Amino acid sequence: MFHFLEIARRLIEAGGAIQVSGKEALFSELKRLLLDEVARKEVGEKGHQFLQKHQGATGRMFEEIRPLLNDISDCRF
């Protein structure tokens, strides 16, 4: 998650991901999710909702800054 810290943090906060601190914690979480269908589905659904909500974010951001880029391209340096 090193290269995606902000996205990972937000996904964890949304309940769509679980961060563990080592192999024992990973084993414990995997075991819990395999045994608890409700928790497993909840994490999966929250992760899916997060991805759906943020799908196309790059395109939306580009459309927001496009007018600024046009203004810059008209400037002479």
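The values are calculated or read from the model by the stated rules, or taken from the named source; none is laboratory data. Bear in mind that the values here come from a model prediction, so they are computed numbers and not experimental data. When we count neighbours, we look across all protein chains shown, and the Cβ atoms used for this are built from the backbone with ideal geometry, even at glycine. Quick note on the areas: whole protein, heavy atoms, side chains included, nothing else; ligands and nucleic acids left out. Shrake-Rupley method; radii C 1.70, N 1.55, O 1.52, S 1.80 Å.
Taking region 35-56 only, how many residues are of a type in the set (A, V, I, L, M) and surrounded by 10 or more Cβ atoms within 10 Å (Cβ to Cβ)? Spell out the reasoning first.
The first filter runs over region 35-56 and keeps only residues of a type in the set (A, V, I, L, M), leaving 35, 38-39, 43, 51.
Filter again for surrounded by 10 or more Cβ atoms within 10 Å (Cβ to Cβ), leaving 39, 43, 51.
Counting residues in region 35-56 that are of a type in the set (A, V, I, L, M) and surrounded by 10 or more Cβ atoms within 10 Å (Cβ to Cβ) gives 3.
A count restricted to region 2-32 and to residues that are surrounded by 10 or more Cβ atoms within 10 Å (Cβ to Cβ) and either touching a Cys at 6+ places or on another chain (Cβ under 9 Å) or of a type in the set (Phe, Trp, Tyr) (or both) stands at 2. Here ILE65, ILE18 are screened, and the one residue that is over 19 Å from LEU5 (Cα atoms) and β-branched (Val, Ile, Thr) is ILE65. Count of region 15-35 residues, restricted to those that are touching a residue at least 12 places away in the same chain (Cβ under 8 Å) and aromatic (Phe, Trp, Tyr), is 0. Is there any pair linking a residue in region 36-57 that is closer than 14 Å to GLU13 by Cα to one that is open to solvent by less than 50 Å² (accessible area, probe 1.4 Å) and outside any helix (DSSP H, G or I), with Cβ under 6 Å and at least six apart or on different chains, and which? Pairs that qualify, where the first residue is closer than 14 Å to GLU13 by Cα and the partner is open to solvent by less than 50 Å² (accessible area, probe 1.4 Å) and outside any helix (DSSP H, G or I), are LYS46/ALA14; LYS46/GLY15; LYS46/GLY16; GLY47/GLY16; PHE50/ALA14; PHE50/GLY16.
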